[in-house]
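Worksheet for the structure shown next.
Throughout, read-outs are computed from the coordinates displayed, never taken from laboratory work. Quick caveat: nothing in here was measured; it's all calculated off a predicted structure. Here the Cβ positions follow ideal geometry from the backbone for every residue, glycine too, while neighbour counts run over all protein chains shown.
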Amino acid sequence: MKISEIHGDKVQALLLENLGDKPELVECSTNPEHGYRQVDVGLLMHGKVQYQPCLKCMARDRFVRQGVPPEVAEATRKNYSITHSEQQHQFNLWERWVQAHIKREDEKTFLLMLGTVGTGKSHLATAAFKALGGGW
Ligand SMILES: [Zn+2]
């Protein structure tokens, strides 16, 4: 919650006083492309200026806590890299399976992915987990 969205002039004034000349938002320190980190309003109430992780880093950490390997924690269908036609064919099969499960068709099937190291199985497994609503 941004300080400007907090109702109550006295609380807002206290928060702004505690913030001093520090910014309410700072760039994500892990990856500037993520966006911004916001000051922790709860701690700011007690005079401590500390910034929360950005939303993408929070989501990433949540997936890792749930067992997703850190190296593929940001995997999605959109950032899956297809470099040859067989990979495109496998991706199309994966996409069909995911869409069928999103639409709750064919729910009694499962997805089996086989391949050598580095072919994208973990990436697609994570992307399927996310696409099907996992991670909460
Ligand atoms: Zn981040």
Report task. Identify the single condition in (1) in contact with a Lys or Arg (Cβ under 9 Å, 6 or more places away or on another chain); (2) exposed (fewer than 14 other Cβ atoms within 10 Å of the Cβ); (3) assigned to a helix (DSSP H, G or I) that F63 does not satisfy, given that it satisfies every other one. Result -> (2)
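Can you find even one residue in segment 15-34 that is near the ligand (Cβ under 8 Å from one of its atoms) and among the basic types (K, R)? Outline the logic, then answer.
Kept after step one, since they are near the ligand (Cβ under 8 Å from one of its atoms), are these residues of segment 15-34: 28-31, 34.
Filter once more, so that each one left must be among the basic types (K, R): none.
No.
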Report summary line: Checked segment 25-60 for anything in a helix (DSSP H, G or I) and aliphatic (A, V, I, L, M); matches are V41, L43, L44, L55, M58, A59
Query - Boolean, S81 is among the small types (G, A, S) and either within 15 Å of the ligand (Cβ to nearest atom) or within 13 Å of H123 (Cβ to Cβ) (or both) - result: yes
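Please determine whether any residue of segment 42-52 is within 8 Å of the ligand (Cβ to nearest atom) and under 21 Å from S4 (Cα atoms). Please lay out each step first, then the result.
Step one: of segment 42-52, the residues within 8 Å of the ligand (Cβ to nearest atom) are none.
Checking segment 42-52: not a single residue is within 8 Å of the ligand (Cβ to nearest atom) and under 21 Å from S4 (Cα atoms).
Scan segment 107-125 and give yes if some residue there is touching a Cys at 6+ places or on another chain (Cβ under 7 Å) and not in a helix (DSSP H, G or I), otherwise no. Reasoning before the result, please.
To start, the set of residues in segment 107-125 that are touching a Cys at 6+ places or on another chain (Cβ under 7 Å) comprises none.
No: segment 107-125 contains no residue that is touching a Cys at 6+ places or on another chain (Cβ under 7 Å) and not in a helix (DSSP H, G or I).
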